[in-house]
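Student: Pasting a structure here, questions to come.
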Amino acid sequence: MPLPLHIPYKEEQFRPWGGYGSMELDLLKGRPKLRASLVPIFFSIVLPWCLFAFTYFSVASSNHLTNPAETIAALACGALLLICMFFAWLDRLLRWRSPEPSTLGFFGFSFLLAWIAGILLGTMSYQAYTLKWFELTRLNTYKGVDPDFSRGAQLMDAGFINFLPGTHVEVNISMGYKDEQLYCVAPLQLGPLPLVTYDFWLIGKDCCQASKRGFSCGSAKHLHSSGMIARRVLADDLDYYKLAVRQAEAAYGIMAAHPLFFEQAKIDEVPEELVNQAQQALHHYFLGYLGFQFLLVIAAIFFYFPPSERR
């Protein structure tokens, strides 16, 4: 006979301890007392959680990007474990032909949920944090940049730029280029005097007027007393923004020798903040799945001993 997680028994008096490694639980009033082996309960909670953690780390870590073969191998190990458990459960089913649920079936179901959840949540964290962090940190970060005197050719490897306090968007030299969408550009400036070359441009879509002054992308109308943090944009549609800059040069008689394009960075786009968010997500997912697995084990106890077994 296969050994279930919990073996029901009936006695006249309740004894709090039923031998080494076991204790009696009265889960609900009216249910039979259960002699619950602590070892299977412990492993039924911890082992699926470990598979979830292993799968999550394999997918969400930097190895997914730097060594994808290791990630594939790790997922293949989890899949192989599930296949082995499936055939073991199938062999047990054919040999015993018992309609009662088995411990092996519960473990297989728990491992399958853990493997799938690890892949899904790991992929979400990889796309939201790991991949974005690599994209942001592969370029340099510059602080204290003066947009009036710095040149784009000097900062071609910039990923983030923290401009000096007082940097603002010169909305009177804005321009939009129309091609299905409206690609808007406006230069960044610190002082009031015209610049020799305007190399730092804030961009956006559908937030200006084509061939007219006016720019409302982000917080363009506000001065940044603490310094604007701008994120370099390296998108596929960058050519449209370059065309908008060329139109601005022709319309306003200015020059943009080496234009660089930026968007105002959000706090969650700063690399240090991404690391903090990734760590918080890891803690939440790990603790959350541990709690979920605990509830799943409790539900399995009720499934093994339905209310019809009350005496």
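Student: Please give the helices (runs of 4 or more DSSP H) falling wholly within the range 1-100 in which 3 or more residues are open to solvent by 90 Å² or more (accessible area, probe 1.4 Å), modelled with pLDDT of 50 or more and closer than 25 Å to LEU295 by Cβ.
Tutor: 38-60
Student: ASP146: over 23 Å from TYR240 (Cα atoms) and modelled with pLDDT of 90 or more, yes or no? Outline the logic, then answer.
Tutor: Working: over 23 Å from TYR240 (Cα atoms): yes; modelled with pLDDT of 90 or more: yes.
So ASP146 passes the test.
Student: I'm told GLN181 meets every condition in (1) modelled with pLDDT under 90; (2) out of contact with any Asp or Glu (no Cβ under 8 Å at 6 or more places or on another chain) except one. Can you identify the failing condition by its number?
Tutor: That leaves (2) as the condition not met.
Student: Looking only at residues that are open to solvent by 20 Å² or more (accessible area, probe 1.4 Å) and either touching a Ser or Thr at 6+ places or on another chain (Cβ under 8 Å) or part of a loop (DSSP other than H, G, I, E, B) (or both) in the range 192-206, which one is nearest to HIS168 (Cα to Cα)? Outline the logic, then answer.
Tutor: Taking the range 192-206 as the starting set, the residues that turn out to be open to solvent by 20 Å² or more (accessible area, probe 1.4 Å) are 192-196, 205-206.
Those left that are additionally either touching a Ser or Thr at 6+ places or on another chain (Cβ under 8 Å) or part of a loop (DSSP other than H, G, I, E, B) (or both): 192-196, 206.
On the way: PRO192: 10, LEU193: 13, PRO194: 13, LEU195: 14, VAL196: 17, ASP206: 20 Å.
Applying the filter and picking the extreme gives PRO192.
Rundown of residues vs (1) aromatic (Phe, Trp, Tyr); (2) modelled with pLDDT of 90 or more, yes/no style:
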{"site": "THR137", "(1), (2)": "no, no"}
{"site": "PHE160", "(1), (2)": "yes, no"}
{"site": "VAL169", "(1), (2)": "no, no"}
{"site": "TYR198", "(1), (2)": "yes, yes"}
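Student: Within the range 156-168, does at least one residue satisfy the condition of being over 26 Å from LYS242 (Cβ atoms) and out of contact with any Asp or Glu (no Cβ under 8 Å at 6 or more places or on another chain)? Please lay out each step first, then the result.
Tutor: From the range 156-168, those over 26 Å from LYS242 (Cβ atoms) are 165-166; that's our starting set.
When the remaining residues are screened for being out of contact with any Asp or Glu (no Cβ under 8 Å at 6 or more places or on another chain), the result is 165-166.
So far as the range 156-168 goes, yes, one or more of its residues are over 26 Å from LYS242 (Cβ atoms) and out of contact with any Asp or Glu (no Cβ under 8 Å at 6 or more places or on another chain).
Student: Looking only at the range 220-227, decide whether some residue is open to solvent by 60 Å² or more (accessible area, probe 1.4 Å) and either under 13 Å from PRO187 (Cα atoms) or modelled with pLDDT of 80 or more (or both). I'd like the intermediate steps shown before the answer.
Tutor: Here is the first cut: in the range 220-227, the residues open to solvent by 60 Å² or more (accessible area, probe 1.4 Å) are 221-223, 225-226.
Cutting the leftovers down to either under 13 Å from PRO187 (Cα atoms) or modelled with pLDDT of 80 or more (or both) gives us 221.
There is at least one residue in the range 220-227 that is open to solvent by 60 Å² or more (accessible area, probe 1.4 Å) and either under 13 Å from PRO187 (Cα atoms) or modelled with pLDDT of 80 or more (or both).
The values are calculated or read from the model by the stated rules, or taken from the named source; none is laboratory data. These numbers come from a predicted model, not from an experiment. Because the Cβ atoms are built from the backbone with ideal geometry, glycine has one as well, and the counts that use them run over all protein chains shown. Each accessible area value is taken on the protein alone, full model and side chains, heavy atoms only, with ligands, DNA and RNA left out. Shrake-Rupley method; radii C 1.70, N 1.55, O 1.52, S 1.80 Å.
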